[in-house]
Amino acid sequence: MEHNNIPLCSFFKELSLKSNFQHEYKIDLEAKVMDAYYHSNKILLEKIIQDFEKSSSTDKTDDIIIVKGWLESLKEDEEEPDIEVRNALKDRVFNIPDLNKEKLTLFCNFMDFYDLDSNVMIARKAINKFISSNETEIQEVLLVMLANLLCLSIKEDNYNYVEYLVTRKLPLKSQFFFYKDMICFYKYLSSYHFNHNKDDLNTCLTIISNC
């Protein structure tokens, strides 16, 4: 840099500005994708994919796969799944070497692409590793994972794992109310499945009203 007459402070300031811009861009894009997903806006998701394909971004391949994954998640059961996209997302999860927040978040977002046994296997590893964590973001991902897994288990009429999942020690933080409410919902729904106690069903209806 000295040989090319480039001041150190200017160089690193420029790097910092570019880094901040990329970070802001990523956050804004993620918000846009999630908003489109929660409004079932397939047209907007397809447009985001097209914009990515035209861009010169170096990591656009990963971004395209993730947006395609959200688009895939909006498909009805009778629609033909895109196996290539689903496998690419599963490969991406398994290619992240350590069980960390990035890996768990990606896994949680696309759990319905896995079979139930694979979901339970990964969930058990995550629970064993992070159940005692005090990190709020990790706790949140674990709660989402538990709620998703309970939903998928009951959807497949498989109650083998429900007791294990609902008896995990959960963090007591007010911002987790929704996730814990959903876990309670699946707990009482499962109980109603076995004993047909109307009180369990009424508790489910109260939780739906809360939501």
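The values are calculated or read from the model by the stated rules, or taken from the named source; none is laboratory data. No experiment lies behind these values; they were computed from the predicted model shown. All Cβ positions, glycine included, derive from the backbone under ideal geometry; neighbour counts span all protein chains shown. Heads up: the accessible areas ignore ligands, DNA and RNA and are worked out on the full protein's heavy atoms, side chains in. Shrake-Rupley method; radii C 1.70, N 1.55, O 1.52, S 1.80 Å.
Odds and ends about this structure:
- There is no residue in the range 146-154 that is out of contact with any helix residue (DSSP H, G or I) (no Cβ under 8 Å at 6 or more places or on another chain), touching a residue at least 24 places away in the same chain (Cβ under 8 Å) and closer than 22 Å to R92 by Cβ.
- Of the residues F52, F113, the single one that is out of contact with any strand residue (DSSP E or B) (no Cβ under 8 Å at 6 or more places or on another chain) and under 21 Å from L142 (Cα atoms) is F113.
- Among the numbered conditions (1) surrounded by fewer than 18 Cβ atoms within 10 Å (Cβ to Cβ); (2) within 17 Å of E72 (Cβ to Cβ), the only one that D117 does not meet is (2).
- Where helices (runs of 4 or more DSSP H) fall entirely within the range 152-211, those with at least 2 residues that are among the polar types (S, T, N, Q) are at 177-195, 198-210.
- Close pairs (6 angstrom Cβ cut-off, 6 or more residues apart or separate chains): over 20 Å from F177 (Cβ atoms) and in contact (Cβ under 8 Å) with a residue 60 or more places away in the chain in the range 194-209, open to solvent by 50 Å² or more (accessible area, probe 1.4 Å) and of a type in the set (D, E) anywhere: none
- Top-ranked residue in the range 32-46 [being touching a helix residue (DSSP H, G or I) at 6+ places or on another chain (Cβ under 9 Å) and open to solvent by 70 Å² or more (accessible area, probe 1.4 Å); ranked as farthest from S73 (Cα to Cα)]: K32
- Exactly one residue out of L71, L149, L89, L172 is under 23 Å from Y186 (Cα atoms), of a type in the set (A, V, I, L, M) and in contact with a Leu (Cβ under 9 Å, 6 or more places away or on another chain): that is L149.
- Residue pairs meeting the criteria (Cβ under 8 Å; at least 6 apart or on separate chains; first in a loop (DSSP other than H, G, I, E, B), in the range 70-97; second open to solvent by 100 Å² or more (accessible area, probe 1.4 Å) and modelled with pLDDT under 90): I96/E102
- Close Cβ contacts (under 7 Å, 6 or more residues apart or on different chains) running from residues in the range 129-145 that are without any contact (Cβ under 8 Å) to a residue 40 or more places away in the chain to residues that are hydroxyl-bearing (S, T, Y) and surrounded by 15 or more Cβ atoms within 10 Å (Cβ to Cβ) comprise V144/Y179.
- On inspection, A126 passes the criterion of being of a type in the set (G, A, S), under 21 Å from P97 (Cα atoms) and in a helix (DSSP H, G or I).
- Taking the criterion of being surrounded by 10 or more Cβ atoms within 10 Å (Cβ to Cβ) and of a type in the set (A, V, I, L, M), the residues of the range 147-198 that qualify are A147, L149, L150, L152, I154, V162, L165, V166, L170, M182, I183, L189.
- Only one of the listed residues (E80, E137, E102) is open to solvent by 90 Å² or more (accessible area, probe 1.4 Å), modelled with pLDDT of 90 or more and out of contact with any strand residue (DSSP E or B) (no Cβ under 6 Å at 6 or more places or on another chain). That residue is E80.
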